[in-house]
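The values are calculated or read from the model by the stated rules, or taken from the named source; none is laboratory data. All of these numbers come straight from a predicted model, not from anything done at the bench. Cβ coordinates were reconstructed from backbone atoms using ideal geometry, including for glycine residues, and neighbour counts include every protein chain displayed. The accessibility values were calculated without ligands, DNA or RNA, using every heavy atom of the protein model including side chains. Shrake-Rupley method; radii C 1.70, N 1.55, O 1.52, S 1.80 Å.
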Amino acid sequence: VQLQASGGGLVQAGGSLRLSCAASGRTFDSYVMGWFRQAPGKERDFVAAVNWSGGSTIYSDSARGRFTISRDTAKESLHLQMISLKPEDTAVYFCAAGPQFGFTKRGYGMEYWGKGTLVTVSS
C-alpha cells in the first residue's frame, strides 16, 4: 500500500502549486483522503480533506479560500491546488487516507501516509 505525493517545489510568494498524490496497492475509493503539512521545527498540521465521493471537503483556517482539494476516484489520485502562496506555507506536505473525517488536526486517525513533498515559498 503506497501513497506517493508529488508536485512540490520552490515558488515565490503569491505563486501557485498543484500537489498530487497517487495511491497504489489497494483501493481508497471508500476512504477520506487529506493533506497535512509539517513546517521545520513544528508539528504536523491538518490542511484539507475530502470524503470518498469528493462531495464534502474541509479546510484549515489557513488553507480555506486559497487551497482546493480534489480527488479522482477512478484514477485513485488526490490533488491540492494552492494559490496565493505565502512563506508560512513552507512545509513538507503529506497525503493521507483514513476511514472517516474523525481524525485529529495532527492526523491521528488516518491510517495510511505517503512520503511528503517539500513546498518552499520564498518572500
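Odds and ends about this structure:
- Low-density loop positions, trypsin sites (Lys or Arg not before Pro), the range 47-123 - DSSP coil, at most 13 other Cβ in 10 Å: Arg64, Lys75, Lys105, Arg106
- Ser6 paired with Lys115, simple spin-label distance in nm, labels 7 Å along Cα-to-beta-carbon: 1.3 nm
- Long-range HN-HN contacts of Val32 with modeled amide H, under 5 Å: Gly98, Gln100
- Mean Cβ neighbour count within 10 Å, used as a protection proxy, ranking 97-104, 16-23, 29-36 highest first: 29-36, 16-23, 97-104
- Pairwise FRET efficiency - Lys105 versus Ser84, Cβ, R0 = 25 Å, nearest 0.05: 0.70
- DSSP bridge pairs, the chain: antiparallel proportion in percent, nearest 5: 85 percent
- Per-peptide average of other Cβ atoms within 10 Å, ordering 39-52, 82-95 highest first: 82-95, 39-52
- Per residue, the chain exposes 50 Å² of accessible surface when a 1.4 Å probe is rolled over the protein heavy atoms with every protein chain present.
- Applying 1/(1 + (r/R0)^6) with r as the Cβ-Cβ distance of Ala74 and Ser122 and R0 = 41 angstrom yields a FRET efficiency of 0.70.
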